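Everything below concerns the one structure shown next.
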Amino acid sequence: MEITRVGVVGCGLMGSGIAEVCARASYQVVVREVNDDLLARGLARIDASLGRAVSRGKVSEPDAKAARARIRGTVDLAPFAEADLVVEAIIERMDDKKRLFAELDGLCPPHALLASNTSSLSITEMASATGRPAQVLGLHFFNPPPVMPLVEMVRGLLTGEAALEAGRKFAASCGKTVVVCKDRPGFVVNLLLVPFLLDAVRALEVGVASKEEIDTAVQLGLNHPMGPLTLLDFVGLDTTYYIAEAMYQEFKDPRYAAPPLLKQMVLAGLHGRKTGRGFYDYTEGKPR
């Protein structure tokens, strides 16, 4: 099948980035948020991202304007009736995702693929809410989608070969490298990353070192571009907590059990960069 029209559900950090990636790859894109305020914020995020890409010489100004013209915002699912592919990028809660997939299944054309950007939840379970499980797959982009080159393509138990091939071609056309994963919590990256991040929080909890020293040790000792606590702030403490909880419920492995400090910070609203405070304070710009 040929994909020309892409729908993105969710215009937050991930959804807005995925919409931008698709538009820059010449797809017609409709992106949906639940209300006008969140939609305006998401579209403004796309404008700012395209502006940065122009200033850094990653894309020409005419190409950026053309990409932005391909993006249409909506607070309604009705425009998805014309989509060839829909990528879901809403909150990491299975009940919400299954309700959405059931709605999309009744609305989208019979040939359309339904994909999730989930970083940990079961594609097979989402597909069970539809009448087209062979056309449901995972397309897990990484944050920020316009910059990060990887997409984890996840095969549910009933995902068909045609859907996988179409998904691979689509991701490649967006300039991404694809790795194919089984439908297991965390897929490849988070299966390995989440225990590492949780161990960094545990190290801070028990006083192995300060947060700055933990981050510096990992940056210089392991040659990582940022330390684990800085990375947690960037990804979102709430996002990591939800991923860890889902993986712990599946595996019952204590490596995936969220440390008390992480849970407390999430409950306190200290989610990292997006809320202004996490392990570091971002309210004055540079982290303190």
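All of the numbers you see were taken from the coordinates with simple rules; none came from a lab. The model shown is predicted, which means the values in this text are computed figures rather than measured ones. Note that we place each Cβ from the backbone using ideal geometry, even for glycine, and neighbour counts take in every protein chain shown.
Axis angle, to the nearest 10 degrees, between helix 189-205 and the longest C-alpha principal axis of the chain: 30 degrees.
Going by alpha carbons, how many degrees (0 to 90, nearest 10) lie between the helix axis of 237-251 and the longest principal axis of the chain? Helix 237-251 sits roughly 80 degrees off the main axis of the chain. Annotation: lysines with alpha-carbon distance below 21 angstrom to residue 98 (same-chain offsets under eight excluded): 182.
With 21 Å as the cut-off, how large is the P(r) tail for the range 1-83, expressed as percent of Cα-Cα pairs?
Value for the range 1-83 (Cα pairs over 21 Å): 24 percent.
Based on the alpha-carbon gyration tensor of the range 1-145 and its eigenvalue square roots a ≥ b ≥ c, which shape applies: rounded if a/c is under 1.5, prolate if not and a/b is larger than b/c, or oblate? Here the range 1-145 falls in the prolate category. Cβ crowding within 10 Å, taken as a proxy for footprinting-reagent exposure, orders 263, 176, 286 from fewest neighbours to most as 286, 263, 176. Under 10 °C and 1.306 mPa s, how fast does the range 191-275 diffuse according to Stokes-Einstein, given a Kirkwood radius computed over C-alpha pairs? Answer in µm²/s, whole number. Approximately 123 µm²/s, per Stokes-Einstein. Within the same chain, lysines fewer than 8 places from residue 211 are excluded, and of the rest, those with a Cα less than 30 Å from its Cα are 252, 263, 274, 286.
Listed by chain and number, the lysines whose C-alpha is less than 17 Å from the C-alpha of residue 58, apart from same-chain residues fewer than 8 away, are 176.
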